[in-house]
Structures are given as structure tokens and as C-alpha cells.
There are 4 protein chains.
Amino acid sequence: MSEVKSDVFADKELVVGGRVLKSRLVVGTGKYANYEQMQDALEVSGADVITVAVRRERLLDSEGRSLLDFIDTDKYTILPNTAGCFTAEDAVRVSRLGREILDQIDNPGKDWVKLEVLNDKKTLLPDPVGTLEALKELVADGFKVLCYTSDDPVMACKLKEAGAASVMPAGSPIGSGQGVLNQNNIRIILELLKEGDEDYPVIVDAGVGTASDVMIAMELGADGVLLNTGIAHAKEPIRMARAMKMALQGGRDAYLAGRIDKKLYATASSPWSGVISYIPGE
Amino acid sequence: MSEVKSDVFADKELVVGGRVLKSRLVVGTGKYANYEQMQDALEVSGADVITVAVRRERLLDSEGRSLLDFIDTDKYTILPNTAGCFTAEDAVRVSRLGREILDQIDNPGKDWVKLEVLNDKKTLLPDPVGTLEALKELVADGFKVLCYTSDDPVMACKLKEAGAASVMPAGSPIGSGQGVLNQNNIRIILELLKEGDEDYPVIVDAGVGTASDVMIAMELGADGVLLNTGIAHAKEPIRMARAMKMALQGGRDAYLAGRIDKKLYATASSPWSGVISYIPGE
Amino acid sequence: MSEVKSDVFADKELVVGGRVLKSRLVVGTGKYANYEQMQDALEVSGADVITVAVRRERLLDSEGRSLLDFIDTDKYTILPNTAGCFTAEDAVRVSRLGREILDQIDNPGKDWVKLEVLNDKKTLLPDPVGTLEALKELVADGFKVLCYTSDDPVMACKLKEAGAASVMPAGSPIGSGQGVLNQNNIRIILELLKEGDEDYPVIVDAGVGTASDVMIAMELGADGVLLNTGIAHAKEPIRMARAMKMALQGGRDAYLAGRIDKKLYATASSPWSGVISYIPGE
Amino acid sequence: MSEVKSDVFADKELVVGGRVLKSRLVVGTGKYANYEQMQDALEVSGADVITVAVRRERLLDSEGRSLLDFIDTDKYTILPNTAGCFTAEDAVRVSRLGREILDQIDNPGKDWVKLEVLNDKKTLLPDPVGTLEALKELVADGFKVLCYTSDDPVMACKLKEAGAASVMPAGSPIGSGQGVLNQNNIRIILELLKEGDEDYPVIVDAGVGTASDVMIAMELGADGVLLNTGIAHAKEPIRMARAMKMALQGGRDAYLAGRIDKKLYATASSPWSGVISYIPGE
């Protein structure tokens, strides 16, 4: 039996804001039943970057204990995020607070931030105007900004132009569990943002309900996926964490491997002119 | 940091026709560029059961070499299949030939067969009438029959009643690469065949184009997936074999882990009465 | 302002079993709140052929009144159907009973029947084996048989070969309201059954939930649609009857008019090789 | 036989910017093979409001003839649009030019405009920032603005707040022919914009490829649809115009009529908790 040569699995590293991510899966730390469950899920997910909401009411639990005391900050790079911010001003303030906290514990994540400026508490959809405003201020202040946004390709371009280290389009609304609702938009975003700049990182963020949602995002050519609720609120979070890890890796492999074409049936002779639908790896 | 307890990943074994499958992924051996590539893909896929077309023109290559000489038959259980048979009579004859061949090499797969009775060379769609006829004859002859069929739930029931060791509904036509086209039918098949018999094995066979197709089938609750072209004709078959392995395992995990519900947006209050769509793990 | 020439709307007639259908929409007569509502819905739907369940318990209401007394049998051609039959034998018997009844009232529908042989009361899915058996007997007995079946293309071919005047594939299960779940199968059925016989009538039957389901079936190239529950159980059946009529006519027009191709965006230059999805009118 | 009472078809009028639209279908005037074809298509579509690109190079043909000379401006209300504008400044200038032209011919459309500010010539996607800027200026200048935008619900809200007479979300990119790609977003837009203001008009604009795309938009609860290429570039534009008319009316009826629920099969007992998908009329 032949030995399979490992170079058939070669892949380039994902670099975001000058930092190499060993895993292309970034996971959140909220919504778990308890800290031990969170710790196990993080471990099983294989993530080396985890994201933490910096707002005080999210960082401290009801007993005043800080989430950070339950995270091995030597092992994980913390990506502070501005979840719960509804104005540019608030998001900028929270970003700076995150930098201070991570500076104190000397975590490498101290100069970056995942920017979320949400429009309202009902839909938790991103506010494009507030996001662009906060992004510009944070970039000027030296932050590497990973920027959450809708799947609108034009806003994605504007955010890249304004200096986002990564654009993070939503597959579907936060917490909706609907996966990638509009593959067409994700494909256009990938085409526009990577034109002449193929290593520019696009990370799908939000909306993941189950593992195949992650896999489909990766098969589309996304560089990574960020998720939280899909693991934390599954009936068995630890097992779902493993599913997400495999979906990420398998989806990346499938994208690079180049899938077969679709046909009406195996021997269908005529192509279907002008018809599109996504072909990962094409 | 806590140690993750392995029992959170507990799963029952997949048993088909009295035989335990260590991997829930069954892969074919045809359509590879060469035997070495096939060997590597089999190895990487993690499969312990592989399927081999018994018809002479498929078993021997242009130089008269037998495919079986390139397979480690101590390592793999061979599942003979009747690919290329268009009548019940032919399929029964080929099944018996497969039994003879495996008997000679004493492979444990000698008493089972994956039955395919195809309707025509154009569509390669299964012939339900011929399939049922051949199944009855093979069951009477002592075979454990894994029975390929369309996704018609009623035919699936008839095949189970006639003694199929496993029913193998097609996700989409052989070689079409379209994945699971009708999730509703696969769900009904799973409901009907597992009613009061939850361990009855249903294996989705045919139509897989890329890894997420496998994952979706597993998230629906299928017990396993059989595929060939999706790996063999990918641009990089070895890498795609790894993607399929991870899709299988991740999809099984996601099914068992119980995904979150879908919502219009995170805080949407009203349920959507009477609306369905598949919820793996529910 | 120019006068629009009516010949731009030219279309051929739909002929089924030697009979011209003025409307391509065939509607059922069951499940209405009362006979007056049924009468109005039939009128508004524009149908000239309506289908009636012949089984005694369906033909007579709780007061013993016959459904036929509430239908203008001079205006409508009755298509008797075998709804509620679960064996070939029963379906044949009911077909003959329907012929007798229509013969007495001298309705032109007397020599045809819509054949349904269902598998079970739970799913109401068609039994392919029983259907084929009953079809052969009815054809030998001189009936023009419109044959309800699943969307399995091979069974559709077998039913045509056995003499069905029209094959009527299900879009989705009876009463499910899910529309055409597997467009790929409907397309293959249309390709196979119309090969060298383009006027062979294929009528999509069952599963219609709303008007766009009808329109999509017609855009795929179906010759007509049969439905009942989608109108009868809508909140406002009369209004829904009008919606269905317009969906039918608009869908037929759209199919004949030849739709534009799909693109990622308007100026996308590259075709997406080997990708399919249905293009009505192509 | 009962007479069907016409009040079962009662509907309220669509009012946009203080003007009643008799038809809920608004059609464009570009891309036709010749003016006669355009005239016939307009006539058959049933539209009473038609939209005209005001930019000089679009208004005049190669012989210097004005499009307006071929339109019966006593019959149609002209909705001037800013197609081809890529900055807010340009769109405002073109809007004013449109007002002057319509003022000269005393067409009732003189005080309204369909605002498009596009991002680039490649994708023709709308620029949200430029659109909002132009909208504010036009509203201040007394225009009734029908505002084209992406399907981002937050931008839709901002446009309504800024005074848009109607928000017109894109189903998919201009000229893509992909219909409504993200029904979830259209539903959220309808929910947010009509909350406490149920008559606020939301008109789906762009992306229509065939008639069922129009019908689906209307079944979702949209107040109207605007389209151009789907008719003008069909193989038979006049017939497609009729298809679109019927799709619009049938879709409106289906929405108001209240469709049946979806089920796995007719007698499926268990609801599928927390699962959503659109139910027109619910």
C-alpha cells in the first residue's frame, strides 16, 4: 500500500492583520451553560483565536467573575469584539477598553478588534453607516479591524477600502441559524475583494446553524468562519464543536480539491447556457 | 484546562447485514486516473468497506489486470456491486459471480452485494421493477442485499419488506453531482423505515458532488453515504477524499449534537405555523 | 399606439386521450366548506375539466346528496378519479363504477379516469407497483388513463409505455403544499417522455401549496397542473382559485416566451461551466 | 350555478407618494429591439406607470429621437429614473432634469423620481452611502423619491426614515435574472417598514428573470414589482409581458387568499419546531 504524500494537502496560511491563524475557525465564548462547557467546546473546536465581548455586562458574570479568568490566555489569542454596541461612538470606546484589558494580560490580540455596530436590539442586524464611521476612527487609531457587516457586496468593498483587515459578511442574521442565505452575494464579495489581492481575508460571520452551513461557506471560497450560537446552543455543544471543526477543515479541502460539475444526469450532453449556481473550487 | 471526556462523543455502531462498518463512508473504486491514485484515495477516505463493480469489463483493465490485485483485501471488506446491469437476471448472475470471486480470496464481503438494476445507459437511473425482482431472488439465495433505489419512499418500503439488508436511496442521479435534491423524500424514508426499527440502516447512495452533500445527508439522519465519482473525478481526488471523510464524521456529529432552531432573526418571537424544513437532530 | 397582434400569443391545444382541454388547469372538487364555495371556485378557476372522486363515501355527503348534483355537467367534463383506493383491484373497480355513473349522465368524461393507487393512509404516496398493474388492466379495458405517480422518471417511462394517456408526476406529497420539490426529476421526465413525441401530455399533480408552485411547474414545461387542496383549504378559496388560474396562464406564457439567462450580475463575463439549474423556455 | 360575487376580490389601492397606481407592476422602457416592440410590451403588461431613464444618452436613440416621442404620455405616468448615475451629485442633477422634461409635457410624474445611485459599471449594484445622500437632498427639494437599494433591511429602514416615498429592495442584481435570492431579507424589510404603517409601499425592483420571480415577490407581501430586462430580453417580449402581468395579479391574489401550510406529507402530525420559511398570507 502506498504511503499518501502529505504534500497533497498543502495549503497556505491564513493571515489576518499580520497574524497567522492556525485554525480557520474562530469561535465565540458567550451563551454557554457554564464555563467548563465553554472550555471544553473551545478545546474541541481546534480554534486558536477566540472572540470575547468586551462590554462590561458581558465580560463579567452575575458573581462578578471575569470570563477571561476561565480562558487560557497563553494558549488562545483573544479577539475582542464590540457585541452589544449600537453606535459608532460606543464601539470605538469599547474597542479601546478591550485593548487596555488585553494589554494588561499581554495577550497578542491587544491591537485588533472585531467591530460590530448593530442597528437595533430586535434584529441585531449591522448598521452599515455606523460601522463605516467606527472603522475609520479605529483604523486611524492603529487597530487591526475585522469588520462584521451584512452580505451587501458594495458595503464590503467600502469597508476594505477604509482599511478593514478583514471583511466579515453575515451568512444570515445573528442567531438565526439559517446558514448562508445568499450564496450569490458571498461569491460577488469574494470576487470583488480578492481581485488582484487574492490573500485578502474574507471570513463569514453569523448565521451558522449547523455544520453544513460552515462547510458551504468554505466551499464557496471563504477564508474562515466565525460562529458562537451554533455551538453554544446546540443540544450537545461539545459534540457540535467537533462537527464544526470537521466542517471547516473538510470544506476548505473540498474548495481546494475542485469539485465535479453538476449535470442533469450523468450523460446529459447539453450544457445549460448562461445558468449559474455556485461551483466551489471552480 | 479541563480534559474533554471522550464519552461526549459516544455513538452506536453501524451494522449492516450483521456486519459492523467502522466507517460510515463507503467508497467506490472506479473512475480513478490510475490504481495508485485509487489506493491513496481509499486510504485517506478512512473507509473500511469499499465497493467493486463485478462485471468483467469493469473488474479488469485494458491490460487484463484485475482491480482486486490493487486492493489490500485483508484490510478492506469488499462490497461487490452490480453496476452496469440493466436487467434483474443480469444483476443476479453478476451477484453470484461476485460471491464466487470473493469466496476464492476469502474476503468477508462474499455474502453481500450492492444491488443496482439500472433502467438505461442514458440516465443510469434505477429500475424499480427490476430491482425488486432481483432483490427477492438474491434474498432467497442467501445474500445480504444493500439495495440501490430512487428516493421514492414507497419503493424504499417495498425493498425493506422484501428483505433488503439496507435501502440506499439516491440523493440525485448517478454522476450528476447534485447532492440531496429532495430532502423531504429522504426524511420520509428515514421516518418510515426506522419506525419501530431505529437501527435499520439507510445509506444515501449516488449524486454526491462535493463534501457538503455528504454532510447534509448525514445531518438528515442517514446512517451512511456511498460515493465514488465525487472523489474520483475531483481535480484533486486525494484531497477530496479527506474532505468527504470529514464531512461524514462532522455530519454524523452534527446530527447527534442537535442543531439550534432556525429563526427569521435572533429575537423573532412568532413561530411560523405549520412550516417545515429539515431540522437535523430534532 | 399600436394594436398588439393576437398571434404573438399563439399556442397549441392541450390534447389528452383524444380530448381537447380548453384550460390547462384541472381542479378537484373535494374539501370545500360547502357546495356553493366549490361552485364559485370551479367557476373562477377557469377549468373545463374537473376531477371527482368516485368512491361512494366521497361522492355522497353526510346527507346522502351526490356531489354530481352540484356540478353543471353540461359545462364541465368530469374526470373520475380513484382517490382513496389502496390496491390495483379496488382502483379498477372504482374506475368502472365511475364509467357507469358518467355514462348515465352522458358526460364526455365517461371513458377516462385519473388513476391513483395509494400505498397507505399515512403518507398518501402512490404505490408504483399497484399503479402499473391497475393501469395495464384499465388500458386493456379501453380506458384513457391519466396516471398519477411519484416524480421517479423511470416509473413515468414505464407508465407511458404501458399506455397511459398522460403521466401525472407529483410535485410533492398530496396535501403537503410544498410545490415542486425536485425540479431535476420533472425536467428529466419531460425530456424522456417527450423525446420524439413532443405533444405527449405531462401534467403535474399534487403538492401545490400556492400559486407560484403552479407557475414554476408550467415554466418547467409541464403541459398542465392538477390541484385541489391548495384552493379548497386556502383561507379565501375563491380568490386563490383566481390566483391559480393566472399562475397557470402566466406560467405557460413564460415558458413559451423564453426567459433570460441567469448571471451572477449583469456584466458577469464568465459562464459557469457544467452547472445546471432549470431555464424554462431554453 | 351561482354568480361569483366580485367583492371576494376586494383589494386596497396601492398609493405611492400620494399617487394611486392602478397596476402594481411598473415596467421599464429600455433594451427593446425597437420602439414598436416596446409599445406593445407596455400595452400588454397592463402597467399605468412606466419608468424612463433620464440621462441624455439613454433618452435619445442613435438617430437623436427621444424615447418620450414613442410613449403615449396621456396614458402613462412617467416615473423618471436615474439609471446610469454613479454619484449622489449626478443622480440629483439627473432627477432635476427629469422634472424639467416632464414639466414641459405636463406629465403627472414630474415631481417623483426613482433614485438609483450605482456603485460601479461592473456589478451595477447600488451604493448605499451615495443613495442615502442623494435621497436626503431630493427630499429636501420636494421630490417624491422611490428609492432603489439592496435587500439590506437596515439600509431600507434608513431610507424610509430619510423620507423615501417607497423603498425598492433588489431581489437580486440588476440584469442577473435570479429572482428573489434572499426571501428572509425581503420578509424582514416588510416587517420592519410596515410596522405600525401597513400601507407603506415596498416595491421589489431588479433581478426578475421570469414570471414566477414576480409571483414569489408578491406572495411574500410586496406591494408591487418593477422590472425591465426580464421582459425586454425574453425571446418573445410581448408574450413575457403578459406572463408578468398575470404573475403580478396572481401573486397578489395568492398573498391575500392565504395559502395552506406546508407539511412533510398530508397527515404528518408533528409540527417542526422553530423552523421557518415563508408563508405568504400568514
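Quick notes
- Only one entry in B:A232, B:A241 is buried (at least 22 other Cβ atoms within 10 Å of the Cβ) and either touching a Cys at 6+ places or on another chain (Cβ under 6 Å) or not aromatic (F, W, Y) (or both), namely B:A241.
- Checked against (1) open to solvent by less than 10 Å² (accessible area, probe 1.4 Å); (2) at the interface with another protein chain (Cβ under 10 Å from one of its Cβ atoms); (3) touching a strand residue (DSSP E or B) at 6+ places or on another chain (Cβ under 6 Å), A:D151 passes all but a single condition, namely (1).
- Residue match in the range B:70-84 (condition: open to solvent by 70 Å² or more (accessible area, probe 1.4 Å) and modelled with pLDDT of 90 or more): yes
- Within the range C:131-141, the residues that satisfy the criterion of being in contact with a Gly (Cβ under 8 Å, 6 or more places away or on another chain) and open to solvent by 20 Å² or more (accessible area, probe 1.4 Å) are C:K136, C:V139.
- For the range D:13-24, taking the residues that are part of a loop (DSSP other than H, G, I, E, B) and more than 14 Å from chain C (Cβ to nearest Cβ), the one that is surrounded by the most Cβ atoms within 10 Å (Cβ to Cβ) is identified as D:G17.
- Considering D:A234, D:A222, D:A243, the condition of being of a type outside the set (D, E, K, R), at pLDDT 95 or above and assigned to a helix (DSSP H, G or I) is satisfied by D:A243 alone.
- Any hit, the range B:114-130, residues being open to solvent by 30 Å² or more (accessible area, probe 1.4 Å), at pLDDT 95 or above and under 16 Å from the mean Cα position of the chain (by Cα): no
- Test: residue in the range A:195-203 that is under 25 Å from B:T267 (Cα atoms) and of a type outside the set (K, R): yes
- Residues of the range A:119-148 satisfying the condition of being on the phi < 0 side of the Ramachandran plot, aliphatic (A, V, I, L, M) and more than 9 Å from chain D (Cβ to nearest Cβ): A:A134, A:L135, A:L138, A:V139, A:A140, A:V145, A:L146
- Scan of the range A:27-47 for residues that are modelled with pLDDT under 95 and acidic (D, E), ordered by number: A:E36
- Top-ranked residue of the range B:188-219 - restricted to ones that are among the β-branched types (V, I, T) and assigned to a strand (DSSP E or B), ranked as nearest to the other protein chains (Cβ to nearest Cβ): B:V204
- Residues of the range D:159-187 that are among the charged types (D, E, K, R) and more than 8 Å from every other protein chain (Cβ to nearest Cβ): D:K160, D:E161.
- Taken together, D:R93, D:R99 contain a single residue that is in contact with an Asp or Glu (Cβ under 8 Å, 6 or more places away or on another chain), at pLDDT 95 or above, away from chain A (no Cβ under 14 Å) and open to solvent by 60 Å² or more (accessible area, probe 1.4 Å), which is D:R99.
- Conditions (1) in contact (Cβ under 8 Å) with a residue 12 or more places away in the chain; (2) within 12 Å of chain B (Cβ to nearest Cβ); (3) not in a helix (DSSP H, G or I): number failed by A:E3: (1)
- Condition check for B:A140: small (G, A, S) and under 20 Å from the mean Cα position of the chain (by Cα): no
- A:E100, sole failed condition from (1) more than 22 Å from A:T210 (Cα to Cα); (2) touching a residue at least 40 places away in the same chain (Cβ under 8 Å): (2)
- The residues listed here are A:A170, A:A162; of these, the one that is over 21 Å from D:S176 (Cβ atoms) and open to solvent by less than 40 Å² (accessible area, probe 1.4 Å) is A:A162.
- Criterion: crowded, with 23+ Cβ neighbours inside 10 Å, in contact with a strand residue (DSSP E or B) (Cβ under 9 Å, 6 or more places away or on another chain) and either without any contact (Cβ under 8 Å) to a residue 60 or more places away in the chain or not polar (S, T, N, Q) (or both) - qualifying residue of D:G177, D:G224: D:G224
- For the condition in contact with an Asp or Glu (Cβ under 7 Å, 6 or more places away or on another chain), surrounded by 24 or more Cβ atoms within 10 Å (Cβ to Cβ) and at pLDDT 95 or above, D:G251 qualifies.
- Verdict on A:I203 being farther than 23 Å from B:E236 by Cα and in contact (Cβ under 8 Å) with a residue 40 or more places away in the chain: yes
- Residue check, A:K31 within 13 Å of chain B (Cβ to nearest Cβ), open to solvent by 70 Å² or more (accessible area, probe 1.4 Å) and over 30 Å from B:F70 (Cα atoms): yes
- Any hit, the range D:149-163, residues being of a type in the set (V, I, T) and either within 20 Å of D:A83 (Cα to Cα) or under 13 Å from the mean Cα position of the chain (by Cα) (or both): yes
- Qualifying residue in the range D:31-51 (condition: without any contact (Cβ under 8 Å) to a residue 40 or more places away in the chain and within 16 Å of D:C147 (Cα to Cα)): yes
- Residue in the range A:48-67 that is at pLDDT 95 or above and open to solvent by 10 Å² or more (accessible area, probe 1.4 Å) present: yes
The values are calculated or read from the model by the stated rules, or taken from the named source; none is laboratory data. None of the values given here were measured: they were computed from a predicted structure. Cβ: placed from backbone, ideal geometry, glycine included. Neighbour counts: every protein chain shown. Ligands, DNA and RNA are stripped out before the accessible areas are found, and what is left, the full protein with its side chains, is counted by its heavy atoms. Shrake-Rupley method; radii C 1.70, N 1.55, O 1.52, S 1.80 Å.
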